[in-house]
Amino acid sequence: MDLDTYRQDSRETWAKMAPGWEDRREWLMGITGPVNAWLVEAADPQPGQVFLDIAAGTGDLGLLVAERVGDHGRVISTDFAPEMVDVARRQGEARGVSNVEFRVLDAERMDLEDDSVDGVVCRYGYMLMADPAAAMAETRRVLRDGGPLAFAVWGTPDRNPWAAVPAMTLMQRGHMPPPEPGAPGIFALGEPERIRDLVGEAGFAQPVQIEELAVEFRWADFDDLWDTLIRITGPLSRVITALPDDEREATRNAMEENVAQFLGEDGTYSAPGASWGVLTR
């Protein structure tokens with residue numbers, strides 16, 4: 001994999017996903033809100049502190065942190081996609097917050113001073129980065145000694161059929177290759193040992209606290225599930241929307257057949273998921 005090409009494609013992809021993430025923000029927060037809550041409790045922001053939110057997306061995690069650091073504290077809410085930063089900024093404006101700075105920032109090369117923040121949070125970011133080791137080292141550089149880093153990544157495919165089954169369907173139809181070992185992706189940091197190695201190599205303290213956080217994805221019907229695939233799933237969406245109309249329809253039919261295992265008697269769909277919540281200093 002050419003990582004520079006991946007970076008460009010990823011930035012373009014998440015720019016396109018921003019409207020869908022904004023439209024489906026409440027749905028997504030209803031599912032992953034407990035992960036946000038765990039990260040805030042783990043990081044334990046204190047009044048007056050400066051916190052950095054990496055890969056903030058819609059900004060909800062950073063806004064929770066902002067409540068904890070108060071008017072005398074500050075949160076730097078960042079994403080490498082300007083369109084996502086705009087979404088987060090609109091969320092902040094809607095809530096009337098004044099202690100959050102919204103910035104476009106590349107986590108692998110952060111335009112921040114050494115030892116400039118008291119704590120860092122990141123939800124579902126490091127696993128998708130072209131060079132997570134560089135991003136982790138940058139995180140360590142800007143974080144003051146003893147400051148907490150709390151982040152979440154998805155676990156392994158077997159613990160996350162909500163994502164694994166759609167990806168498998170695309171691979172079965174020849175639209176996606178199997179993931180390369182070590183390549184960035186949703187399951188790139190699914191193994192705890194990989195997380196420990198990454199954190200340790202960046203200079204963070206050991207042992208690292210790692211806790212499994214269970215979630216449940218829910219959809220009203222298959223149209224709702226398909227809408228999430230098209231509008232918010234990043235790389236999967238990019239593959240699906242690039243298909244010719246007839247093949248997209250055939251893929252949709254195959255997807256509906258494969259996700260039938262998620263279908264309940266009431267016509268709704270639900271699938272389990274599992275994240276790793278990680279705390280280090």
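Brief remarks on what is shown
- Other residues lying with their Cβ under 14 Å from the Cβ of R173 contribute a combined charge of -3, Lys and Arg counting +1, Asp and Glu -1.
- Inter-probe distance in nm under a simple model that places probes 7 Å from Cα toward Cβ, at A274 and R194: 1.5
- Other residues lying with their Cβ under 14 Å from the Cβ of N253 contribute a combined charge of -4, Lys and Arg counting +1, Asp and Glu -1.
- Cut-off 16 Å (backbone N to label point 7 Å along Cα→Cβ of M171), residues of the range 242-277: 255, 258-259
- Per residue value of the accessible surface for the chain (all protein chains in place, 1.4 Å probe), Å²: 45
- Matching label, P(r) over Cα pairs in 5 Å bins from 0, in percent computed from the structure shown, candidates [x] 1, 6, 12, 17, 19, 18, 13, 8, 4, 2, 1, 0; [y] 1, 5, 10, 13, 14, 15, 13, 10, 7, 5, 3, 2, 1, 0, 0; [z] 1, 6, 14, 19, 22, 19, 12, 5, 1, 0: [x]
- Spin-label pair E113/H72, simplified geometry with 7 Å Cα→Cβ offset, distance in nm: 2.0
- Largest GNM mean-square fluctuation among P34, P178, P19, using the chain with Cα springs under 10 Å: P178.
- For the residues T169, T139, T58, a GNM of the chain with alpha-carbon springs under 10 Å puts the largest fluctuation on T169.
- For M29 and D266, the FRET efficiency from 1/(1 + (r/R0)^6), where r spans their Cβ atoms and R0 equals 22 Å, is about 0.45.
- For the range 157-231 versus the range 76-134, the spacing of their alpha-carbon centroids is 21 Å.
- Local electrostatic count at L112 - Lys and Arg +1, Asp and Glu -1, tallied over other residues with Cβ under 14 Å: -4
- Secondary-structure-derived ellipticity at 222 nm for the chain, considering helices only, amounts to -14500 deg cm²/dmol, per-run term -39500 (n - 2.57) for DSSP H runs with n ≥ 4.
- Label-zone membership for the range 107-139, site L3, 7 angstrom Cα→C-beta point, backbone N under 13 Å: 107-109, 128-138
- Percent accessible area from carbon and sulfur atoms, the range 125-281, protein chains only, probe 1.4 Å: 52
The values are calculated or read from the model by the stated rules, or taken from the named source; none is laboratory data. It should be emphasised that the depicted structure is a prediction, and the values quoted were computed from it without experimental measurement. Methodologically, a virtual Cβ is constructed for each residue, glycine included, from the backbone with ideal geometry; neighbour enumeration extends over all protein chains shown. When the accessible area is computed, the model is the full protein with side chains, heavy atoms only, and any ligands, DNA or RNA have been set aside. Shrake-Rupley method; radii C 1.70, N 1.55, O 1.52, S 1.80 Å.
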